[in-house]
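To start, the structure itself, in structure tokens.
Since every read-out is calculated from the coordinates, none of them should be taken as a lab result. Quick caveat: nothing in here was measured; it's all calculated off a predicted structure. Cβ sites come from the backbone with ideal geometry, for glycine too, and all protein chains shown count toward neighbours.
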Amino acid sequence: MADMEAMDALRHARIQNFKNVITGNGPVDHTPHFGNFWSWKYYDAGYKFSEVLFDYSKMEDAIEQFCTRYPMDVLYETGWRNPTQVTSILGNANDYIIDDENYSISIRDQSYMDDDDYAPLIADPKKYLWETFLPKKFNVLDKENNSVDFRKFMDKYLEFGGEMGKIAGMAHAHGCCDFADPNGPADYWGFGYEMLFCIMRGIKKLSVDLRKRPDEVQAACEALDATFAIPRLERGYAAPMGSNPEFCVDMNPVMLAHITLSPAQFERYYWPQIARVAKVAEERDKLVYLFMEGSTKRFWDFFQELPKNRFVLQSELDDIFEMQEALPNVKVAGGMSADLLGRGTPDECVARVKELVERLGGADHRFILSEDKMTSFPNDCKRENLQAICAYLTETKF
Amino acid sequence: MEGFNALAWPEGVDKVEEWLDFLPDDKAIRDLFMTDVLQWLIQW
């Protein structure tokens, strides 16, 4: 049984170390490992993906095995990515495609927001979202007396929340850190453009909207921001100054929807949210981890405006050395390729980690190791490779 | 067993808030909780 006092001390030391990498305000005693591991965990544990999705005890066991086998500072995904037990009771199971052979879960390009829905969304966002959008998305709720089914959803939602808390406790028993403050001034993707792109309007239809009705897209973004992002930001401004000592960072925006935007479109629809995040980070002494899918190089001149020593940027596809050189105001994370983890040898993987640590960490060791891709498929990683890099990072002290 | 439109805004959502006996009676806190539920339902 883990010595919880010792593990709590380790966890808090790791949190402070993580913050020191970002701010440069204290010593860095090891290179933090931000574990970008998703459904590969369940493959490694010997389960089918669909087994884990619908059985919390299997999800718990898989995560316990992972934390035991691969000591690391942060395990990013601890089951929250897969709330299928909750959403499926509302009738949208067909929106997800679960592939057991490849350990993948995909979401169909959804467009429950119809062409005529811009006006009601802009006029009264909450009324539109509750009364019109949700019944379109969840067919079980598309009836007058839906309270019985909604109550079943609420019970499952609260059960899921409890389960996530339980898994967080399990991770704590291994000294694994809680990553981002859930009550921080900004959350993962709860702002207008991401919501329209990922879920409401969908990739295809939104791309057409950007050409044919850009002013409505902007107004819809602002309406959604006024409903979700701005109130959260205001709560964040009212919270105590300084970075929350229980979390590695205070905000963790996830960038997905930028991948189809030009710089001009990014400036109009996307940058306002990042600018708000940067402003509150500076004014309230907070730390931010930007987790970015795809490539972001065409937006680096925007990122040059980010306040110094407050941001970490992790990019899936950009060259990490080039990014650090272009953006000396931030620290970078990533660099461990799935190709090497999945196809290389332990020695090759450790050599890559050494190169990253030495070239990017510098004399004060300010670098965070992570996997460039969301490690999901069986071929994304070999057990012995991951064990080798975890051992190296654990043993290498500064 | 109750039967109403839980998605009617604001009256249905206000009735749902009455179920949340684990939260303080503060309406602002309950409203915030339901805004978070709304966001979660949109995004997942």
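If you count the DSSP beta bridges with both ends in the protein assembly as shown, what percent of them are antiparallel, to the nearest 5? In the protein assembly as shown, DSSP labels about 15 percent of beta bridges as antiparallel. The Cα atoms of the stretch A:333-398 cover 36, 20, 15 Å along the three principal axes, with the biggest extent listed first.
Quick one: check the C-alpha center-to-center distance for the stretch A:80-106 versus the stretch A:156-209, whole angstrom. Between the Cα centre of the stretch A:80-106 and that of the stretch A:156-209, the gap is 15 Å. Scattering from the stretch A:82-140 was approximated by placing one identical point on each alpha carbon and applying the Debye formula without solvent; log10 I(q)/I(0) at 0.12, 0.14, 0.16, 0.26 1/Å stands at -0.38, -0.49, -0.61, -1.07.
Return the calculated 222 nm mean residue ellipticity for chain A, to the nearest 500 deg cm²/dmol, obtained by summing -39500 (n - 2.57) across DSSP H runs with n ≥ 4 and dividing by the residue count.
Details: 19 runs with 181 residues, N = 398.
Per the formula, -13000 deg cm²/dmol.
Express in whole angstrom the spacing between the alpha-carbon centres of the stretch A:131-150 and the stretch A:363-395. Comparing the Cα centres of the stretch A:131-150 and the stretch A:363-395, I get a distance of 44 Å. Highest average first, the peptides A:345-358, A:96-109 ordered by how many other beta carbon atoms sit within 10 Å of their residues are A:345-358, A:96-109. Taken over the stretch A:17-90, the ratio of Cα radius of gyration to 2.2 N^0.38 Å equals 1.38. Angle of helix A:203-212 to the longest C-alpha principal axis of chain A, folded into 0 to 90 degrees and rounded to 10: 60°.
Once you average over the residues of A:145-156, how many Cβ atoms of partner chains fall within 10 Å of each Cβ?
On the way: counts 6, 7, 12, 5, 1, 11, 5, 0, 3, 5, 1, 0.
Across the residues of A:145-156, the mean count of other-chain Cβ atoms within 10 Å is 5.
Reported value for the stretch A:282-398: 111 Å³ per residue, from the convex hull of its C-alpha atoms.
Taken over the stretch A:180-336, the ratio of Cα radius of gyration to 2.2 N^0.38 Å equals 1.02. Note on the protein assembly as shown: along the principal axes its Cα atoms extend 61, 48, 43 Å, ordered by decreasing extent. Mean per-residue shielding of peptide B:31-37 is 3, counting Cβ atoms of other chains within 10 Å of each Cβ. Here chain B yields Rg over Rh of 0.97, to two decimals, using C-alpha coordinates and the Kirkwood radius.
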